[in-house]
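To start, the structure itself, in structure tokens.
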Amino acid sequence: MSARGAPPWWLALPAALALALLALPLAGLVAHAAGQGRALLADLASPEALAALRLSLVCSLAATALAIPLGVPLAWVLARCEFPGRRVVRALVLLPMVLPPVVGGVALLLAFGRRGIAGRWLEAAFGVSLPFTAGGVVLAELFVAMPFLVAAAEAGFRQVDRRYEEAAATLGAGRAVTLFRVTLPLAAPALGAGAVLCWARALGEFGATITFAGSLPGVTRTMPLAVYQALETRPEAAVALSLLLLAVSLGVLAALRERWLGA
């Protein structure tokens, strides 16, 4: 049987069930939102929704902007350098990807809270307190989202043909010139995909944010937190906000389809 032919029933049946399991909740959301009509637009245009959307965009973009200069060098070190404990370091870097977000929020409080390891020093030296501030939102999103960038960037650096770097070195290029003129351009697709994934994860972050930064309207209440808040009092508004986040997620998939999906 050709690899592109019709699958056998014993593979097609569980595949169809898996597709239904993933598609039905999204279809229910879209179908319910379609019946709201003008009420949907009113909920999306409300001051609360616009404030949450603005805060989400600002904080997620700020987290991504911080993740790039921090995460890309870390990915290069993990991909190109041999040192004792590298596997442990990689595990620590990737741990927030599988760590329950609420646990991440508790860890952030113990590290950057007013009595935390670094938090007490920040407040004593600079008068900076991060919990329950927009800066705390950025830090929480950075903590949970940067590993996605590091993982994608490390894979991209490993795929770069080292012969191009060696050729640049034989032509007199230093390590910095080789990095910026050869390595980074060759790894650019992976870096771009990692940055988009990092931003999307930051945009959808909930658990660590509400634990570390709270849900203060106009201050720390991002879109996911607004959805949760609206679900308790205004379920129709929660549907509208969820549909907006769904549209953003689809946009991310569309941006990555050529890189990862090959279509």
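The values are calculated or read from the model by the stated rules, or taken from the named source; none is laboratory data. Here the structure is a predicted model, which is why all the values come from computation and not from measurement. So basically every Cβ, Gly included, is an ideal-geometry build from the backbone, and we count neighbours across all protein chains shown.
Determine, yes or no, whether Val77 is assigned to a helix (DSSP H, G or I), aliphatic (A, V, I, L, M), at pLDDT 90 or above and over 30 Å from Phe180 (Cβ atoms). No: the conditions fail for Val77.
Scanning region 212-222 for residues that are surrounded by fewer than 23 Cβ atoms within 10 Å (Cβ to Cβ) and touching a Leu at 6+ places or on another chain (Cβ under 9 Å) turns up Gly214, Ser215, Gly218, Val219. Consider region 153-179 and keep the residues that are acidic (Asp, Glu) and assigned to a helix (DSSP H, G or I). The one that is farthest from Leu78 (Cα to Cα) is Glu166.
Name the one entry in Val150, Val182, Val227 that is touching a residue at least 60 places away in the same chain (Cβ under 8 Å) and either part of a helix (DSSP H, G or I) or not small (Gly, Ala, Ser) (or both). None of the other options fit; the residue is Val150.
Scanning region 80-113 for residues that are of a type outside the set (D, E, K, R) and in a loop (DSSP other than H, G, I, E, B) yields Cys81, Phe83, Pro84, Gly85, Leu99, Pro100, Gly113.
For region 251-263, filtering for residues that are modelled with pLDDT under 60, of a type outside the set (Gly, Ala, Ser) and either in contact with a Gly (Cβ under 6 Å, 6 or more places away or on another chain) or exposed (fewer than 12 other Cβ atoms within 10 Å of the Cβ) (or both) leaves 2. Here's a check for you: in region 34-62, which residue that is outside any helix (DSSP H, G or I) and farther than 15 Å from Gln229 by Cα is modelled with the highest pLDDT? So the residue we want is Ala45. Buried (at least 20 other Cβ atoms within 10 Å of the Cβ), closer than 24 Å to Leu78 by Cβ and either at pLDDT 95 or above or under 20 Å from the mean Cα position of the chain (by Cα) (or both) - does that describe any residue in region 110-123? Among the residues of region 110-123, not one is buried (at least 20 other Cβ atoms within 10 Å of the Cβ), closer than 24 Å to Leu78 by Cβ and either at pLDDT 95 or above or under 20 Å from the mean Cα position of the chain (by Cα) (or both), which makes the answer no. Only one entry of Leu41, Leu22, Leu50, Leu78 meets the criterion of being out of contact with any Asp or Glu (no Cβ under 7 Å at 6 or more places or on another chain) and either surrounded by 13 or more Cβ atoms within 10 Å (Cβ to Cβ) or under 22 Å from Gly135 (Cβ atoms) (or both), and that entry is Leu50.
Among the listed residues Val144, Val182, Val248, Val160, identify the single one that is modelled with pLDDT under 95 and within 30 Å of Glu48 (Cα to Cα).
When all the criteria are applied, what remains is Val248.
Of the set (1) in contact with a Phe, Trp or Tyr (Cβ under 9 Å, 6 or more places away or on another chain); (2) at pLDDT 95 or above; (3) loosely packed, with under 15 Cβ neighbours inside 10 Å, all apply to Val106 but (3).
Cβ-Cβ contacts under 8 Å between residues 6 or more apart (or on different chains), taken from a first residue in region 123-143 that is farther than 20 Å from Pro217 by Cβ to a second residue that is surrounded by fewer than 21 Cβ atoms within 10 Å (Cβ to Cβ) and of a type in the set (Ser, Thr, Tyr), are listed as Glu123/Ser129.
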